[in-house]
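Taken together, the values in this text are just the output of simple stated rules run on the coordinates, not laboratory data. In this text, all values refer to a predicted model and were calculated from it rather than measured experimentally. Using ideal geometry, Cβ is built from the backbone for each residue, glycine included, and neighbour counts are taken over all protein chains shown.
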Amino acid sequence: MFSREEIEILCSEEVRRAIEENIGRKPTDIALDRRVPYASVVATQVKNLQKARTKLPSYYAARAIVPTLAYEQSSSEECAERKELSGDSVLDLTCGLGVDALALSKRFRRVVTIERNEGVAAIARENFRRLGADNIEVICASAEEFLAGSTEHFDWCFSDPDRRGAKGEKLVRLEDCSPNVVALMPTLQRIAERICVKCSPLFDVDEAFRLFGNCSVECVSLGGEAKEVNIYIDGSEGQRLSAVAIGIGKFSCRAEDRGGVQWSCIPTNFSRYRYITLPDVSLQHARMVASAFNGKSDVWSNNGVALSEQRPEGVLGRTFEIEAIYNIDSAFKRVIKGVKAEIYRRNFPLSNAEICKRYRCSEGGTEKWCFTTVGTKLLAIKFN
């Protein structure tokens, strides 16, 4: 990824000083400014730091080195810091930019993190120095090489496998990612008491139970966007699921209890409903909507919405007052024709673009509409 010369330039005090002096400028202006040493390098770093200001505030404040690809593949600090790991020592098999290792360093006395790329490892060491994280040891090796030669024992082992193939394609199966934690599991369980594996936000939670048996799985969202799926293999009995909406709350249940609730009978008249709740994406991905809203709202699909007479309390989702509920039929076209609206879809057969085309409405206005399916009924719900 980086030559030795490029790393020396990135780590130099001259470049660091130039970044500090130009941190508020447009990167394009920096790149064309002949007064700036290594202008293209400084411009790229300023651009990445400006982008990282919200996602990686500690890295921004420390003026850490932020390579473009490493930034795009990194966790946000908020997601990294809420993982339920703590103890004396932890092994991180996949350092990368080091965001997870930095978060772990606040909960463990000692962190050993592995990075197979020499240039990335050098940058991680420099960043941890700037961040004041002096309890992190970076080892340049593949996870397989380190594990084969290690006799150490750790409280936890953490891994965020690389989900990109040799040609940059996205990998779905955990067994295809690097390192292959499924194949390495006997070795990991020998050197660590407990194991945490971070997966893509699209990872199927039931696949975790198939691969690892008894474990806990959590689907994590931030700002209404799915961020990651974490698998905890810690010796606990049973299979548990959690939906975590950072900054909002958490809902947990046993995996076998999902869908075990008795949903309300589908009504023929929807006029009694006063509130609509759009369940958080973490609940949807874990297929826990029905369980989370049991007794609080009526729901008919784990991909749908929750409708209630009273405003539900303590649920993961956004609740709004209903203005009107319409059956989608030939007469509905006259209701929404020409309307500019913020359109939400939940368990609905048409895309936003197809909805706009068919019903001659458009996106971008102040009105809020949700298109959903209840049983066999297609509904449009206007809310505020």
- Note on the structure: CYS140 neighbourhood, Cβ < 10 Å, K/R = +1, D/E = -1, net charge -1
- Top mean-square fluctuation among GLU218, GLU21, GLU144, Gaussian network model of the chain, C-alpha springs under 10 Å? GLU21
- Total charge dipole magnitude, segment 186-274, about the Cα centre, Cβ charges on Lys, Arg, Asp, Glu only, Debye to nearest 20: 300
- Message: With +1 on the Cβ of every Lys and Arg and -1 on the Cβ of every Asp and Glu, and nothing else charged, how large is the dipole of the chain about its Cα centre, in debye rounded to the nearest 20?
- Response: 1840
- Message: Need one number: nm distance between label points at LYS167 and LEU350, each 7 Å from Cα along Cα→Cβ, rounded to one decimal.
- Response: 3.8
- Kirkwood-based Rg over Rh for the chain (C-alpha set), two decimals? 1.04
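Net charge around PHE209, counting only other residues with Cβ within less than 14 Å of its Cβ (Lys, Arg = +1; Asp, Glu = -1)? Intermediate results must be reported in sequence, preceding the final value.
Working: positive: ARG210, ARG240, ARG254, ARG258, ARG287; negative: ASP204, ASP206, GLU207, GLU218, GLU237, GLU256, ASP257.
Once all neighbours under 14 Å are counted, the net charge is -2.
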- Of LYS296/LYS368; LYS51/LYS337; LYS55/LYS170, which sit over 28 Å apart, Cα to Cα? LYS51/LYS337
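Give, in whole angstrom and from largest to smallest, the semi-axes √(5λ) of the equivalent ellipsoid of segment 312-366, with λ running over the eigenvalues of the Cα gyration tensor. Numbers along the way, then the final one.
On the way: eigenvalues 105, 34, 30 Å².
One finds semi-axes of 23, 13, 12 Å for segment 312-366.
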- Charge dipole of segment 171-245 about the Cα centre (unit charges at C-beta), most positive-ward option of LEU188, LEU222, SER236: LEU188
- Query: Can you give the extra length, in nm with one decimal, that the chain gains between SER330 and LEU32 once fully stretched, where that is 0.36 nm per residue apart less the Cα-Cα distance?
  - Reply: 101.4 nm
- Computed, not fitted: 222 nm per-residue ellipticity of the chain from DSSP H runs ≥ 4 (each -39500 (n - 2.57)), nearest 500, equal to -8500 deg cm²/dmol
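Counting alpha carbon pairs within less than 8 Å and at least 6 residues apart, what relative contact order, in whole percent, applies to segment 116-236? If you can, show how the numbers build up before the last one.
Numbers: 161 pairs, mean separation 23.8, N = 121.
Rounded, it is 20 percent for segment 116-236.
If Lys and Arg each add +1 and Asp and Glu each add -1, what is the summed charge of the other residues whose beta carbon sits under 9 Å from the beta carbon of SER308? Don't jump to the answer; show the numbers that get you there.
Working: positive: ARG274, LYS296, ARG311; negative: ASP298, GLU309.
Computed value for this residue: +1.
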- Message: Charges on Cβ only, +1 for Lys and Arg, -1 for Asp and Glu, centred on the Cα centroid of segment 284-364; of ALA353, VAL289, ILE343, which one is farthest towards the dipole's positive end?
- Response: ALA353
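Taking the Kirkwood radius as the inverse of the mean 1/r across Cα pairs, report the Rg/Rh of segment 3-155.
Values: Rg = 16.2 Å, Rh = 16.2 Å.
Reported Rg/Rh, Kirkwood definition of Rh: 1.00.
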- Would you mind pulling out the separation of the Cα centroids of segment 67-143 and segment 151-224, in Å? 16
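May I ask you to work out the translational diffusion coefficient for segment 17-71 at 25 °C, viscosity 0.890 mPa s, via Stokes-Einstein with Rh from the Kirkwood sum over Cα pairs, reported in whole µm²/s? Walk me through the intermediate numbers first.
On the way: Rh = 11.0 Å.
After rounding, the answer is 223 µm²/s.
Report the calculated FRET efficiency for ARG107 and GLU13 (r = Cβ-Cβ distance, R0 = 22 Å), to the nearest 0.05. Walk me through the numbers before you get to the answer.
Numbers: r = 32 Å, r/R0 = 1.45.
For ARG107 and GLU13, the calculated efficiency is 0.10.
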- Item | Cβ charges +1 (Lys, Arg) and -1 (Asp, Glu), total dipole of segment 282-372, debye | 380
- Three principal axis lengths of segment 164-273 [C-alpha, angstrom, descending]: 57, 37, 26
- At GLU118 and LYS337, where each label point lies 7 Å from the Cα along Cα→Cβ, what is the point-to-point distance in nanometres? 7.1
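If packing is taken as the average number of other Cβ atoms within 10 Å across a peptide's residues, how do 59-67, 354-362 rank, most packed first?
Working: 59-67: 20.4, 354-362: 16.2.
The packing order, highest mean first, is 59-67, 354-362.
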- Message: Bin width 5 Å, origin at 0, all Cα-Cα pairs of segment 227-349: what percent of pairs per bin?
- Response: 2, 10, 18, 21, 18, 13, 9, 5, 3, 1, 1, 0
- Please work out the FRET efficiency for the pair THR151 and ALA183, using the Cβ-Cβ distance as r and a Förster radius of 25 Å; give the result to the nearest 0.05. 0.75
- Message: Step by step: find N for segment 278-318, compute 2.2 N^0.38 Å, then divide the Cα radius of gyration by it. What's the final number?
- Response: 0.98
